[in-house]
1. Would you pick out the residues in the range 170-199 that are in contact with a helix residue (DSSP H, G or I) (Cβ under 7 Å, 6 or more places away or on another chain), over 15 Å from Ile118 (Cα atoms) and not small (Gly, Ala, Ser)?
2. Applying the selection to the range 93-119, what residues are modelled with pLDDT of 85 or more, within 15 Å of the ligand (Cβ to nearest atom) and of a type in the set (A, V, I, L, M, F, W, C)?
3. Looking at (1) surrounded by 17 or more Cβ atoms within 10 Å (Cβ to Cβ); (2) more than 16 Å from the ligand (Cβ to nearest atom), find the lone condition where Asp82 falls short.
4. Pick out the one residue from Leu199, Leu168 that is out of contact with any strand residue (DSSP E or B) (no Cβ under 7 Å at 6 or more places or on another chain) and farther than 20 Å from Gln122 by Cβ.
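The values are calculated or read from the model by the stated rules, or taken from the named source; none is laboratory data. If you're wondering where the values come from, they're calculated on a predicted model, not measured in any experiment. Neighbour counts run over all protein chains shown; Cβ positions are idealised from the backbone, glycine included.
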Amino acid sequence: MKLFKAILFSLTCFLPFLVFGNDSLSPTGEQCSSRWLNIDVNAQTAGFAAKRLCKPASWAIDQMDHCGFAIKEKLTVEVVEDLRHPFGIPVVGRSDSSEFSVQVASPSQCRQLAREEIALAQVEFHALYESIVVHEVIHAVFWQQRDHPKNESVSEIAGEYVAYAFQLLSLPEADRAKLLAGYPGAPPSDLGPFNSMALMLNPLRFATNAYRHLMSVDDRCEFLRKIISGEVEFDDWDQYE
Ligand SMILES: [Zn+2]
């Protein structure tokens, strides 16, 4: 079941946020000014300067740091040419908690994966690509915070909720509004809509729900603390087997 779950998350987590335009090639290896970030590029970045990844990565780190969840070691963000799940399935991002690193697929790979996602067609390409970096960096920071025995009860869905909410928050307002318009609705009143089945069936609905819900919470930092501590619980995958 773990195996299937891993595939599922690769598909549901990554496919929704990918629509890109054609750009020129400019491989680069520039470093961020932040002492907490290292950017490696082993891919054709298709006109997307590696240094631009510093901004979304730093933004994501700052969002968590603002709530008291600082990272404890340097995070590596790597752009790779052909990013795949161990089963061979192409994906757009990967967060490695053991190495504390993030990998993001090249823009061209992401564009191919997301070509058929109509709901994202109006979201500006660079903003979308940067938001994928945000999603993966949030994952990395989140997992590092819960890397403690007392936090074992925190589910993977909790990580997706946080990553998607901040991914949408990172989008320019106009792009976010277009995306939200495709999935109208009030903020969920509880965490019922956030489970593995919902993520599998409609990842963008899951993402917009996560954003609306987190934004509706009075004390966002306190809510994140409760998620990370396990005080706030999300549905577990096993309920849907
Ligand atoms: Zn994710």
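1. Residues satisfying the conditions are Leu171, Pro172, Pro187, Pro188, Pro193, Phe194, Asn195, Met197, Leu199.
2. Val102, Val104, Ala105, listed by residue number.
3. Single failed check for Asp82: (1).
4. Details: Leu168 fails: farther than 20 Å from Gln122 by Cβ.
Testing whether each residue is out of contact with any strand residue (DSSP E or B) (no Cβ under 7 Å at 6 or more places or on another chain) and farther than 20 Å from Gln122 by Cβ leaves just Leu199.
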